[in-house]
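The values are calculated or read from the model by the stated rules, or taken from the named source; none is laboratory data. Since the structure is predicted, the reported quantities are computational estimates derived from the model, not experimental observations. Ideal geometry is used to build each Cβ from the backbone, glycine not excepted, and the neighbour counts take in all protein chains shown. Remember, those area values only see protein heavy atoms, side chains included, never the ligands or the DNA or RNA. Shrake-Rupley method; radii C 1.70, N 1.55, O 1.52, S 1.80 Å.
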Amino acid sequence: MTDEFLPVQFRWTALAASWVVAIYGIYLLVQVIRRIRVSERDVGSGWWLGGALCIGTGIWAQTFLGLAAVHWPIKVGYVPEVVLASWLPAVVISAAVIWMFCQPGLKWLQRVTGGGVFGLGLGLLVVVDVAAMVLRPHVAWDTARVITGLSLILAGCAAGSILIRRELLRNEVSEVRTLLLAVSVGTLLRLGQSALVAAVTLAPGTVCLSVDQLSGDALGWILSATVLMLFVLVHMGTLLDARSRSRQEQLVQSLKKAQTDLVAASFRDAHTGLLNRLGFEEQLKRVLNQTAPAPERATVLRISLDGFRAFVDTYGHTLGDNSIRHLSARLLGLVRDHDVLARSDNDEFLLLCVGLGDPHVASQLAQRLSEALREPCMIDEVDISLTCSIGIAQYPESTNAAQLLAHSMDAMQTARNAGGAVYCFFERGMDRRGAEQVDMQRDLRHAIERGELMLHFQPKLRPSGELAGVEALLRWTHPQRGSVSPAAFIPVAERFGLIGELGLWVLEEACRHVRGWMDAGQDIPVAVNISAHQLRQPDLPQRVRDALVRNNVPPRMLILEITESTAMDDIDASIRVFDMLADIGVQLSIDDFGTGYSSLSYLRRLPAKQLKIDRAFVRDLDSSPDAQAIVEAVVRLSHALGLKVVAEGVETQPQADILIRFACDELQGFLYAKPMPDSALQGWLAQRASLPTVAANAEDISSPSVVA
Ligand code: C2E
Ligand code: MG
Ligand code: MG
């Protein structure tokens, strides 16, 4: 056997070249798979195709290089057609391997099968390449070496299957590790193929019929050059792609960060750094929706600063912002770490306390918050002390985030309506009122066309008994509810945007009546109430002018009453509209004076002619020296400022006597007459025509027969 065996010898330089190509090929294989895994589908397909062509060519070339590295005992040559034909299976094998590694969840069995097929394919390539030399007699194979070669190739495939997979799953890419992997897998495969080549045995006297064709050296050179060029091209491609992708990645990351920052900012209040309303709602929902452990109790406190708008109008926005910052820091000092504090509006904070269920404890907290805010302090050299109205709603009584927010608002409004500087828990019924309001606005929409509205008039008298004018007060006779108070439906009309239409109707009706009275020889000025919403309508002066012109009423016959709190709400806007209305020639009156948070000197900025002291002060006149002192001071100061004073809600003779003593200019109240329809007013006027003074001729308020 041994004498028939012609041992092959290797040329070490060519062998080294094939080894380098094998390592480089495996290295590129990993890079190409990486590119495919991070690329979009169409780009990935390009890499797959290009990668398969290049790596396949590499496998093909290094197999031939391995063959060309053999120093054959006889002169040999290769058939070019066979050489070329063996290129295709090499490319197919490569395409399959790349595809395999790009699959997301590959099972062990599939990987073993894939590795096995690749290994056998590499082995087969050696056989085909040997067949490219036409040797006679045919070569024989040394079984032991074949087994060794195949084992080494399969070991290389197994190592490759494990190592490449593991390498690809890593987050961070290490070139050194990839290179080591390529060296180990490439070496195993190369050794295996070399062992297979070494398994070729030639019988003595073997001749090569294709000796004149492609020589081993020429083949070696051609292949080395081609493959090197291809590899360098692909390598550069992978580098460029990786770089542009990492730049893209950086861009995406910075975009993501900008987006996260933006979202975070949209949940924050810029002035205080606290959460804003949106942020609070998010947190509230998160707390209530969390499953384990869901909060058993949670309390939402809505803390609204009383009169903050007027405060800002007086002292300016800078001081307003500084004060809010200072107050938010005070509130933060009182809440626990896991409580959520937010600034939900200009003058409003929201506080969420989880686990705080006992109403008694919640009241204590509200009390503490109130006191903390009220504590006087010096900001920008201004002495500040603010009160607040707090509305409290609790979970699970309020069943979800939306209810907690709405109920805390209802409760806060109730606290505010009670005069402010108090806290109030939400109670059932506060929201029922909300539902009732919805029903009411539906009916109110049709009230004008159905003729359910009418004006009543309440006289205003001078101390001499003379009629100074009347106040027009709206009345709604609802088919089911009966007579509905304007105190109930005017806020509904405001809330649901109906007040504009309603206000215009009142204005028109009032002017129509004045015209009628004037035609009958009576000059009775009429006072019409203007709501906050109307005041904000830019065309109000024009509407007033139109109503006057249409009914041919001189402007001096019309007085517009605006409540103090409405006028103070946005003092600059009020001044603008008041000026325009004054230009028309109508008179302006500040209604319900004493219920807002303004001072008389502040009111000087408005071109009003009249001030109506709220009936709450008048009510206490005969029993409270304090009320007397306040009313007397208000009358005196008003006169000093050139304002006439009207007292509303005069119900008793002692009240009237005191007011007359204080030199109040006009009196209005049930003592003289309740608001009444035009027809009743005419009767009342006729009845009073002969009577000399107000003080002597007041009716008994317990029998307001004048209305009937
Ligand atoms: P107001 O403008 O302060 O009107 C005076 C209110 O006090 C009227 O209530 C009147 O009936 C009532 N009043 C008058 N004298 C006495 C008295 O001696 N004792 C008591 N306890 N009350 C007296 P009314 O008519 O229920 O109107 C309530 C409020 O509704 C008005 O307060 C006004 O703010 C608003 N309002 C009425 N009509 C209109 C309207 O046409 N437009 C607008 N925007 N608001 C209106
Ligand atoms: Mg009024
Ligand atoms: Mg009033």
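Please go through the range 435-450 and give me each residue that is open to solvent by less than 60 Å² (accessible area, probe 1.4 Å) and either at pLDDT 85 or above or in contact with a strand residue (DSSP E or B) (Cβ under 9 Å, 6 or more places away or on another chain) (or both), ordered by number. Once the filter is applied, which keeps residues that are open to solvent by less than 60 Å² (accessible area, probe 1.4 Å) and either at pLDDT 85 or above or in contact with a strand residue (DSSP E or B) (Cβ under 9 Å, 6 or more places away or on another chain) (or both), the range 435-450 yields 440, 443, 444, 447, 448. Residues in the range 470-481: is at least one at pLDDT 90 or above, crowded, with 19+ Cβ neighbours inside 10 Å and of a type outside the set (A, V, I, L, M, F, W, C)? Within the range 470-481, one or more residues are at pLDDT 90 or above, crowded, with 19+ Cβ neighbours inside 10 Å and of a type outside the set (A, V, I, L, M, F, W, C).
Within the range 171-217, being more than 22 Å from residue 127 (Cβ to Cβ) and part of a helix (DSSP H, G or I) holds for 175, 176, 177, 178, 179, 180, 181, 182, 183, 184, 217. Restricting the range 369-404 to residues that are free of Cβ contacts under 8 Å to residues at least 12 places away in the same chain and among the small types (Gly, Ala, Ser), the residue that is surrounded by the most Cβ atoms within 10 Å (Cβ to Cβ) is 402. The residue of the range 529-577 that is farthest from residue 508 (Cα to Cα), among those that are hydrophobic (A, V, I, L, M, F, W, C) and more than 16 Å from ligand 1 (Cβ to nearest atom), is 571.
Applying the set (1) open to solvent by 50 Å² or more (accessible area, probe 1.4 Å); (2) in contact (Cβ under 8 Å) with a residue 40 or more places away in the chain to residue 198 leaves exactly one unmet item: (1).
Those strands (runs of 3 or more DSSP E) of the range 569-674 in which at least 1 residues are open to solvent by 20 Å² or more (accessible area, probe 1.4 Å) and among the charged types (D, E, K, R), considering only elements entirely within it, cover 587-593, 644-647.
Conditions tested, residue by residue: (1) surrounded by 15 or more Cβ atoms within 10 Å (Cβ to Cβ); (2) of a type in the set (Phe, Trp, Tyr); (3) over 24 Å from residue 423 (Cα atoms).
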residue: 286; (1), (2), (3): no, no, yes
residue: 296; (1), (2), (3): no, no, no
residue: 299; (1), (2), (3): yes, no, no
residue: 303; (1), (2), (3): yes, no, no
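In the range 185-193 there is no residue matching the filter, namely being among the aliphatic types (A, V, I, L, M) and over 30 Å from residue 12 (Cβ atoms).
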